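The values are calculated or read from the model by the stated rules, or taken from the named source; none is laboratory data. If you're wondering where the values come from, they're calculated on a predicted model, not measured in any experiment. Ideal geometry is used to build each Cβ from the backbone, glycine not excepted, and the neighbour counts take in all protein chains shown. To get the accessible areas, we keep the full protein, side chains included, count just its heavy atoms, and leave off ligands, DNA and RNA. Shrake-Rupley method; radii C 1.70, N 1.55, O 1.52, S 1.80 Å.
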Amino acid sequence: MVIGELVFAEMARPSNCATDLLLCVIHLAFLARQWKLQPISAHGHELRALAASYSVVCSIWQAQGAWNHLFNPIPSTMSCAYFIYLALGALCPSLYGVAISADIHPLPHTTRRCQLAFAFMWVLYVALAAAELDLADHFPLPRTQEFTISPTVVSWLPAQMIPWLPHAVAASGGPGHPVTLRWDGRGYGAVPFEHAFSANAVYADRFDLIAGHPCWKVHSFPFLFLIFGLGLNCAFTAKTLGAYRRLTFEDMTYEPHCAASRRRSRFFWWFVAHGLTTTGVAFMPVAMLFTGVSGGIDWMHCVMIPAMYLQCWGLEDAVLSSIEEAKNFKKAS
């Protein structure tokens, strides 16, 4: 595809570019709002610095992602630009974990331990990704995966809306036979959607780091999203739920209770945001199965839009709360 002097790469994903740019705009908007805040306490300055850093890193990552969707949509080998993209992708949730830890944990030493854990996790991942480690070379991890669909279920599927289905039915012996889907580690971003399960070597031998499955390469996007998308957001969900429950059952006097109610509301919406993110990442492979790699990424982006909005809103509210608490403390003293 050509627009003006720009030539899009083969298998470019314009819709993914558009949704990534929308996420980038959301973070830039919150960055502008955070820049105007004037913290008073040291804690407030720390929260604002972390919130602003998170918005900056996310916006850079999403802007680079938008570019990649058009001009480098199916990288098959590590490059400097792709490595930076991976490192930023891991840094976003790690930095977010550092930021919310500063607000959630009441004890400073607990906060610092959690922040160090997130930082160490990011450093370890970057080191292993730079080494281009494939965990399947060292552990008994599956390199193929099969799933059989009964003839009854096949008959329910809208074949006209799932391009690979007629090919899979024909390869399985025709209508009335079970259909076995075999994921063989190929890069599904590099394969036309209708040939996703074709045994033809022309398609079976293609590979990319964006949508290979099963893929245990640390520097692949499936692995990045498994650890930092699904894994960390499950941890965030449990973390914010625990913080919300702790504030709900604490006995407080009236004035602290007002501040606690605000924090409780913030923790609740963070919990919703993390639940949304976990759902978006967990069901992305299912969306890819029925709508292709581009459709699966669009699904994830669309779920992430309200989730990331709530994350940034919560970080902003944490800074505003620290300002109000510092003002109240000055009045009381």
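I'd like to verify a number: residues in the range 145-163 that are within 16 Å of THR291 (Cα to Cα), open to solvent by less than 70 Å² (accessible area, probe 1.4 Å) and in a helix (DSSP H, G or I), how many?
Counting residues in the range 145-163 that are within 16 Å of THR291 (Cα to Cα), open to solvent by less than 70 Å² (accessible area, probe 1.4 Å) and in a helix (DSSP H, G or I) gives 1.
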Index of the failed condition, GLY292 passing every other in (1) within 13 Å of the chain's Cα centre (by Cα); (2) under 27 Å from ASN72 (Cα atoms) = (1)
Residue ID - surrounded by the fewest Cβ atoms within 10 Å (Cβ to Cβ), chosen from residues in the range 286-323 that are in contact (Cβ under 8 Å) with a residue 12 or more places away in the chain and among the polar types (S, T, N, Q) = SER321
Write out, first by first residue and then by second, each pair whose Cβ atoms fall under 6 Å of each other, whose residues are 6+ apart or on separate chains, and whose first residue, in the range 193-219, is farther than 18 Å from PHE147 by Cβ and in contact (Cβ under 8 Å) with a residue 40 or more places away in the chain while the second is of a type outside the set (A, V, I, L, M) and open to solvent by 70 Å² or more (accessible area, probe 1.4 Å).
-> HIS219/GLU132
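Yes or no, residue by residue, for (1) of a type in the set (D, E, K, R); (2) open to solvent by less than 60 Å² (accessible area, probe 1.4 Å):
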position	(1), (2)
GLY173	no, yes
THR180	no, no
ARG186	yes, yes
ALA190	no, yes
GLU194	yes, no
PHE228	no, yes
ASN233	no, yes
PHE249	no, no
Just checking, which of PRO166, PRO142 is surrounded by 11 or more Cβ atoms within 10 Å (Cβ to Cβ) and assigned to a helix (DSSP H, G or I)?
-> PRO166
